[in-house]
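Participant: This is the structure, below, for whatever I ask next.
The values are calculated or read from the model by the stated rules, or taken from the named source; none is laboratory data. Values in this document were obtained by computation on a predicted structure and should not be read as measured data. Note that we place each Cβ from the backbone using ideal geometry, even for glycine, and neighbour counts take in every protein chain shown.
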Amino acid sequence: MHAAKRTGDTLEGIHIFLAPPNGQKSEIIAESGTMKSGTPEHPTFENQITITLHNAKTVTPDTNLKFTAATMAMVLYQPGADDQKTVLPGRHMSERQVADIALKELPQSSRISCEFKDGVWEISEPQKGVWGTSSATTNANGKITITSTNATKLVLRVRDLDGTGEQVNHP
């Protein structure tokens, strides 16, 4: 992200360059915007900021696809230095410990994501050659939120209690 000018929480000349794993680069351009700490749901989160863009335009150079929104909100997250090493309440393992197990169990996995559900860590990896998906939602105030996800598949389950891993076979 680049802003030509910042005065307090006001931004001008905003350019956000997106390069997702699927290779479909795009750029979001807005003449003005604002930023504030936290998210609309959690305004006290110190490691997240909400950027609200006004008259935003999204351009995908490869397809020349253009999307315009009067208002667009994006939440940027900066993990804390110890976030991945912290064992959260009600859990026995940190995300870093689970990632270490996954990298030992999986063949040549370079990119993985970990998600905790009901006492089990689910490890997913991006699917090669599968395009990601995006969705746009508009709230009652007309604000548009764009969410992009990369297509993934579940490859490993790790029990939080003892770190036992079980590979997931797909037909």
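Participant: Taking the residues in the range 146-171 that are among the aliphatic types (A, V, I, L, M) and either touching a Pro at 6+ places or on another chain (Cβ under 9 Å) or closer than 19 Å to residue 118 by Cβ (or both) as candidates, determine which candidate is modelled with the highest pLDDT.
Facilitator: Taking the candidates together, the pick is 158.
Participant: Taking residue 143 and the conditions (1) surrounded by 14 or more Cβ atoms within 10 Å (Cβ to Cβ); (2) among the basic types (Lys, Arg); (3) modelled with pLDDT of 75 or more, which numbered condition does it fall short on, given that it satisfies the others?
Facilitator: Answer for residue 143: the failing condition is (3).
Participant: Filter the range 92-115 down to residues that are of a type outside the set (S, T, N, Q), modelled with pLDDT of 75 or more and surrounded by fewer than 16 Cβ atoms within 10 Å (Cβ to Cβ), then give me how many there are.
Facilitator: Result for the range 92-115: 7.
Participant: For the structure I just gave you, tell me whether residue 119 is on the phi > 0 side of the Ramachandran plot, modelled with pLDDT of 85 or more, in the same structural domain as residue 160 (by TED's automatic domain parsing) and exposed (fewer than 13 other Cβ atoms within 10 Å of the Cβ).
Facilitator: yes
Participant: Give me the pairs, please: first residue somewhere in the range 1-19 and without any contact (Cβ under 8 Å) to a residue 60 or more places away in the chain, second residue anywhere and in a loop (DSSP other than H, G, I, E, B), beta-carbon distance under 9 Å, and either six or more positions apart or on two chains.
Facilitator: Cβ pairs passing all conditions: 14/1; 15/1; 16/1; 17/1; 17/25; 19/25.
Participant: Could I ask something else about it? Scan the range 1-20 for residues that are surrounded by 13 or more Cβ atoms within 10 Å (Cβ to Cβ) and at pLDDT below 80 and jot them down.
Facilitator: The answer is 18, 20.
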